[in-house]
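The values are calculated or read from the model by the stated rules, or taken from the named source; none is laboratory data. These numbers were taken from a predicted model, which means no experiment stands behind them. Counting neighbours? That spans all protein chains shown, and the Cβs are built from the backbone with ideal geometry, glycine included. All accessible areas refer to the heavy atoms of the entire protein, side chains included, with ligands and DNA or RNA removed. Shrake-Rupley method; radii C 1.70, N 1.55, O 1.52, S 1.80 Å.
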Amino acid sequence: MSTASLRPQSLVLTFLGDHVLDQDVCVYSGSLIDVFGRVGVGEQATRSTLTRMVNRGLLRRQREGRRTYFGLTDRSEAILRDGQRRIWKTGAVNSEWDGTWTLLGFSLPDSWQRQRHDLRSQLTWSGFGALFSGLWIAPGEVDVSGIVAELGLAAHVKVFRARAETGMDIAEMIHDTWDLDELAARYRAFEADWRPLTDDAGNRPAEEALALGLRMTCEWLQVIRRDPRLPVRHLPDTWPATSAEKTFRTVHALLDAAARDAARRIIDTIPAAS
């Protein structure tokens with residue numbers, strides 16, 4: 001995946017998640033321009049992205065003299081903690097599935113096209129697939145109460161926990177409900193891009209390690225956030241998530257110390273105002 005395909009907002013959040021989360025600080029805009037210039041994002045694009053993120057409630061602006069600093073908000077912190085959980089806790093391979101499914105049924109008036117689109121988008125983000133037109137399903141117990149409440153659709157949505165009947169072909173159901181070929185292709189493309197670095201990532205200069213680590217983590221998040229974490233025992237034997245995750249963790253470990261050293265030297269921070 002080229003840097004051009006990575007959204008500047010995603011790069012900003014990934015960087016702040018790696019180097020600012022839990023530190024209660026704000027980062028100087030010039031430092032962010034420096035960092036993102038190293039991954040091919042120009043100054044104007046960085047400034048525009050920071051402004052849009054403030055307007056969306058993803059960043060807050062803080063001034064110190066003539067300098068402008070940017071810090072996290074509650075909303076962006078929640079997004080970053082979700083990313084950390086997906087990377088380091090749940091992981092890309094669901095080998096501990098207990099057989100439970102979350103089923104969500106909805107019926108919306110024909111004129112509610114926007115609400116239908118928004119609900120489907122949020123369900124896809126949360127790992128659901130369309131079993132039938134108005135019945136969506138996800139592995140495990142997925143809490144969608146926040147999504148339903150935010151969209152104002154509580155009266156139109158019903159949620160259940162269920163298990164498949166004995167003898168049902170779960171692998172076939174999964175294949176019919178999710179696009180496994182596209183998801184597998186994303187994992188294979190990630191590994192093809194990053195596996196070569198398992199040989200020499202530990203020898204890269206600190207500034208290069210910072211840029212590579214930022215790009216790689218951002219790409220990895222894009223892959224796993226599209227993955228509903230389907231039970232691996234019902235996926236093809238050649239499922240590539242395990243190998244791709246091993247590559248990510250290996251290269252990340254090789255780059256991490258140098259990247260953090262570079263970040264400490266490059267970024268200028270001030271304490272976040274209460």
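Mean sequence separation of contacting Cα pairs (under 8 Å, at least six apart), scaled by the length of segment 100-163, corresponds to a relative contact order of 56 percent. Relative to the Cα centre, the charge distribution of segment 54-123, modelled as +1 at Lys and Arg Cβ and -1 at Asp and Glu Cβ, gives a dipole magnitude of about 620 debye.
The convex hull defined by the C-alpha atoms of segment 100-163 has an orientation-averaged projected area of 3.8 nm².
Of all DSSP beta bridges confined to the chain, the antiparallel ones make up roughly 95%.
Would you mind computing Rg(Cα) / (2.2 N^0.38 Å) for segment 192-274, counting N as its residues?
1.36
Rounded to the nearest 10 degrees, the angle from helix 74-84 to the longest Cα principal axis of the chain is 70 degrees. Given +1 at the Cβ of Lys and Arg, -1 at the Cβ of Asp and Glu and no other charges, the dipole of segment 168-213 around its Cα centre is 260 debye to the nearest 20. In the context of the full set of protein chains, the chain has a per residue accessible area of 52 Å² (1.4 Å probe). Here the accessible area of the chain is 48 percent carbon and sulfur, with a 1.4 angstrom probe and all protein chains present. Ranked by the mean number of other Cβ atoms within 10 Å of their residues, highest first, the peptides 265-271, 34-40 fall in the order 34-40, 265-271. For segment 15-31, 3J(HN,Hα) computed residue by residue from phi via the Karplus equation (6.51, -1.76, 1.60; θ = phi - 60°) reads 4, 5, x, 6, 10, 10, 3, 6, 9, 6, 10, 10, 10, 4, 4, x, 5 Hz, glycine and proline entered as x.
Using the crude model of +1 on Lys and Arg Cβ and -1 on Asp and Glu Cβ, and no other charge, please compute the dipole size for segment 31-157 relative to its Cα centre, in debye to 20.
800 debye
Residues whose amide H lies under 5 Å from that of Val25, counting only those 5 or more places away or on a different chain, are Ala272; hydrogens are built 1.01 Å from N in the peptide plane. Within segment 33-143, the proportion of C-alpha pairs whose separation exceeds 22 Å stands at 57%. Once you divide the Cα radius of gyration of segment 124-274 by 2.2 N^0.38 Å, the number left is 1.37.
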